[in-house]
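Below is one structure, written out as structure tokens; the observations come after it.
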């Protein structure tokens with residue numbers, strides 16, 4: 001099995017067409033069977049009125065396929081799912097858990113540096 005029960009993951013949905021908004025899912029794996037993962041967590045979408053990424057308040061259970069080309073799946077360190085958020089910092093989208101920065105989610109280089 002690729003993921004074990006309790007593993008934290010981030011799913012980033014690829015942009016499929018021009019103007020397609022950013023969409024993320026952050027959750028904890030319930031079960032993994034073959035390429036399928038059942039996970040519980042939170043969805044995040046870009047607010048078109050201000051450009052910020054917002055966390056949907058209701059917890060969701062999703063069944064995801066690792067073989068779907070339209071998403072990228074990242075394994076995250078063990079963090080408190082309730083503290084997870086995505087904040088805007090210096091035109092970047094940053095995954096945080098409380099005060100702790102976990103990952104920069106932006107798709108551009110930083111001042112030409114990789």
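Just so you know, all these numbers are worked out from the coordinates, no wet-lab data involved. In this text, all values refer to a predicted model and were calculated from it rather than measured experimentally.
How much length is gained if the chain between residue 38 and residue 100 is pulled fully straight, taking 0.36 nm per residue apart and subtracting their Cα-Cα distance, in nm to one decimal?
Values: separation 62, 0.36 × 62 = 22.32 nm, distance 2.63 nm.
Taking 0.36 nm per residue and subtracting the Cα distance, the gain is 19.7 nm.
Tell me, in nm to one decimal, what length is gained between residue 61 and residue 80 on full extension, where the rule is 0.36 nm per residue of separation less the Cα-Cα distance?
My answer for the length gained is 5.2 nm.
Rank 27, 51, 41 by mean-square fluctuation in a GNM of the chain with C-alpha springs under 10 angstrom and give only the top-ranked residue.
Residue with maximal mean-square fluctuation among 27, 51, 41: 51.
Taking springs between alpha-carbon atoms closer than 10 angstrom, which of 12, 88, 43 fluctuates most in the Gaussian network model of the chain?
88
Given the chain reduced to its alpha-carbon atoms as identical point scatterers, what log10 I(q)/I(0) does the Debye formula return at q = 0.11, 0.20 Å⁻¹?
For the chain, the Cα-only Debye profile gives -0.36, -1.16.
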